[in-house]
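Worksheet: the structure to be examined is printed underneath.
Every number here is computed from the coordinates shown, using simple stated rules; none is lab data. Worth saying up front: this structure is predicted, and the values here are computed from it rather than measured. All Cβ positions, even for glycine, are placed from backbone atoms using ideal geometry, and neighbour counts span all protein chains on display.
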C-alpha cells in the first residue's frame, strides 16, 4: 500500500471512530436526559455563610412563582449590598491600587448568559450582567465600557470602598511585603448561587470583588461562563468559589456539568473537578477551591480542595449551612 493510500484509509478510519464515538455519546446523553426528570420543588443553594441571607430572598422570589433567574439576581443583590461582606460588592476589598473592581456572571436555562468584569462604582454587578444578557448581543462587557453601559441602563454611580476596607488595604500596603492573602475558609471571595423554580428551570449566578489586593486589572473565574458558572437545561448547573486561576484552567463549572451528563451525581462530579485541579496545579499549598452543583432532578452536591468550605441550602423543608466534603484537612 502506498503511503498516500494509507493516509486516506487512516483518515477514513479515524472519521469512523469519531462518528461512532459521537453516536454513542449522543445515545448516552439521551438516556441520561430521560433518567433525569425535572424536579418541580423550588430550591436554592449558594456558597459560604453569606448564602443564608441571599438564599432567603431568592427563595421568597421562588415562593411567589418567580423564575429562577429572578431569584438569582435578587438573592445575590442582598450580598452585594452588605458592607460587612468584604468579598462582594459594597465593602469589597480593593485591588493593589486601592480600587474596588467587581466581576459577575449570570446564566439561565436557555443558555442565555451575561457577565461584567473589572466594573467599578456600581453596587449590583449581577444586575448589570443580566442587562448585558438581555439588552445586548454580547456576553461580556469590561471596565469602562461596562460602567458606561450600567449608567445607560439606569444604575447609579456609588463609591464602594468603605472605611473599614480602606483601612485594611492601607495596613497591607504599609507592610511593604505586598503578599496576597491566602485563600482559605477565613479569607475567600465570591458568592455563587444556583436556583430551581416551580417549572423545574435552573439558573446560576456569581458575584465578587475578587482576590483582596489583586494585581490591578486581574479578573478571576467568576465572570467567565464555563469556569465560574454553567447551566445546561437538560442536565444541571454548577458554580465555583476559591482561587479563580485554578478554576479557569479546567473550565471548572462546565467540567462538572459534563460529568453529571455522564451519569455522576453532583457531588461525584464536583470531586472530579477537584481532582483535575490537583493534576493541573504546580502546588496545592493554600489552594482552596470549592464547587457546588445541582442537577435538574434537584439533587445537590459539593466538594472542595480543603476543609472549611460550606454552602447554604434552602428548600421547603430546611434552610441551613452544610459543611462540604473535601480532599485535604486544613492544617
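Bridges between two residues of the chain, per DSSP, are antiparallel at a rate of about 85%. Relative to the longest principal axis of the Cα atoms of the chain, the long axis of helix 125-135 lies at roughly 50 degrees.
Classify the range 56-206 as rounded, prolate or oblate from the Cα gyration tensor: take a ≥ b ≥ c as the square roots of its eigenvalues, call it rounded if a/c is under 1.5, otherwise prolate when a/b beats b/c and oblate if not. Walk me through the intermediate numbers first.
Numbers: a/c = 2.24, a/b = 1.63, b/c = 1.38.
Prolate, since a/c reaches 1.5 and a/b exceeds b/c.
Computed from Cα atoms, the angle from the helix 163-175 axis to the main principal axis of the chain rounds to 80 degrees.
What ranking of 165, 142 emerges when the number of other C-beta atoms within 10 Å of each C-beta is taken as an exposure proxy, fewest first? Kindly include the intermediate steps, with their values, before the conclusion.
On the way: 165 21, 142 16.
Least crowded to most crowded, the residues run 142, 165.
Against the main long axis of the alpha-carbon atoms of the chain, helix 143-152 sits at an angle near 80°. Among bridges DSSP assigns within the range 224-331, what percent are antiparallel (round to 5)? The antiparallel proportion sits near 90 percent.
Recomputing Rg/Rh (Cα atoms, Kirkwood Rh) from the coordinates shown identifies the correct label among (1) 1.00; (2) 0.96; (3) 1.03 as (3).
Taking every C-alpha pair closer than 8 Å and separated by at least 6 residues, the mean separation divided by the residue count of the range 197-278 gives a relative contact order of 24 percent.
For a paramagnetic label modelled on residue 164 (point 7 Å from Cα along Cα→Cβ), amide N atoms under 19 Å away belong, within the range 213-232, to 213. Taken as Cα centroids, the range 100-158 and the range 281-314 sit 26 Å apart, rounded to the nearest whole angstrom.
This ranking places 171, 258, 73 by how few other beta-carbon atoms lie within 10 Å of each, fewest first, which gives 171, 258, 73.
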